[in-house]
1. Using a Förster distance of 25 angstrom, determine the FRET efficiency expected from the C-beta separation of residue 15 and residue 111, and round it to 0.05.
2. If you project the alpha carbons of the stretch 85-288 onto the principal axes, what extent comes out on each, in Å, largest first?
3. Please report the antiparallel percentage of the DSSP beta bridges confined to the chain, to the nearest 5.
4. Relative contact order of the stretch 85-288, please, whole-number percent, based on alpha carbon pairs below 8 angstrom and at least 6 residues apart.
5. What's the angle, to the nearest 10 degrees (0 to 90), between helix 168-177's Cα axis and the longest principal axis of the chain?
6. What is the distance, in nm, between label points placed 7 Å from the Cα along the Cα-to-Cβ direction at residue 22 and at residue 287?
7. If you take every DSSP beta bridge whose two residues both sit in the stretch 96-216, what share of them, in percent to the nearest 5, is antiparallel?
8. Where q = 0.12, 0.21 Å⁻¹, what log10 of I(q)/I(0) comes from the Debye formula for the stretch 238-289, counting one point per Cα?
């Protein structure tokens with residue numbers, strides 16, 4: 001299999017420069033339209049697809065991002081590995097604005113989003129004990145270090161619904177829970193990537209200290225935008241280094257991300273809903289055919 005890198009850009013990251021044969025493609029999915037057209041091409045010889053999570057012009061709120069359509073569309077294009085870049089707040093003094101964090105855990109506090117491709121008519125349960133791919137995360141860490149970015153290896157991301165920022169009481173509570181970072185888009189994206197059997201790594205780009213920090217006050221969007229601009233350029237520098245690390249030849253994932261559905265389906269074949277099965281063709285066709 002040939003490696004195809006998918007990059008989902010968060011707030012401030014709406015395009016990737018330097019792609020050869022760059023083309024914005026319309027991709028139709030049975031889950032609706034993705035956030036935007038998808039930019040495809042080659043980056044330093046590696047096939048790549050870039051999708052701005054909020055759409056160019058930032059038209060989707062965290063709740064209205066079409067997460068299922070986004071992951072389905074990337075899978076349809078042949079994406080084998082997804083690197084998600086997202087802006088976030090920090091609960092830790094040492095994870096400062098401008099730093100990057102390679103996430104390895106999540107706490108999901110979202111409640112108004114569709115979180116699975118599966119449901120009545122085809123039930124499936126995938127493991128989320130380790131929600132990111134260690135192999136792909138290691139590549140992101142190496143690329144960030146090589147790009148001169150201050151980066152932290154490992155972190156727990158609390159996904160909140162939004163779009164409002166946290167109260168001080170909430171911020172303090174999440175810190176007490178052991179969360180390192182807070183954002184609004186990490187879930188259900190990671191869960192859906194696992195269901196679609198795509199290796200997934202998430203790079204949190206710190207913009208602020210949320211509202212817990214006594215010396216930084218409440219979150220202010222104008223301040224965040226200033227940090228976003230710098231973080232977006234750092235993210236591009238990191239992504240530019242990934243093709244050399246990943247290489248064009250894609251071996252099976254040593255952590256089983258690309259085989260997550262092997263033992264996940266519970267609904268008996270003769271009881272499966274044909275309409276749902278048809279919608280699942282791109283993300284789960286390997287185990288449903």
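1. Values: r = 31 Å, r/R0 = 1.26.
FRET efficiency, residue 15 to residue 111: 0.20.
2. Between the extreme Cα coordinates on each principal axis of the stretch 85-288 lie 61, 41, 26 Å.
3. Taking every DSSP beta bridge within the chain, about 35 percent pair in antiparallel fashion.
4. Numbers: 351 pairs, mean separation 73.8, N = 204.
Answer for the stretch 85-288 is 36 percent.
5. In the chain, helix 168-177 runs at an angle near 60 degrees to the longest axis.
6. The answer from the label model is 3.7 nm.
7. DSSP beta bridges in the stretch 96-216 are roughly 30 percent antiparallel.
8. Once normalised to I(0) and log-transformed, intensities are -0.45, -0.84.
Each reported figure results from applying straightforward, stated rules to the coordinates on display, with no laboratory input. Here the structure is a predicted model, which means the values were calculated and not measured. In this analysis, Cβ positions are derived from the backbone assuming ideal geometry, glycine residues included, and neighbour counts consider all displayed protein chains.
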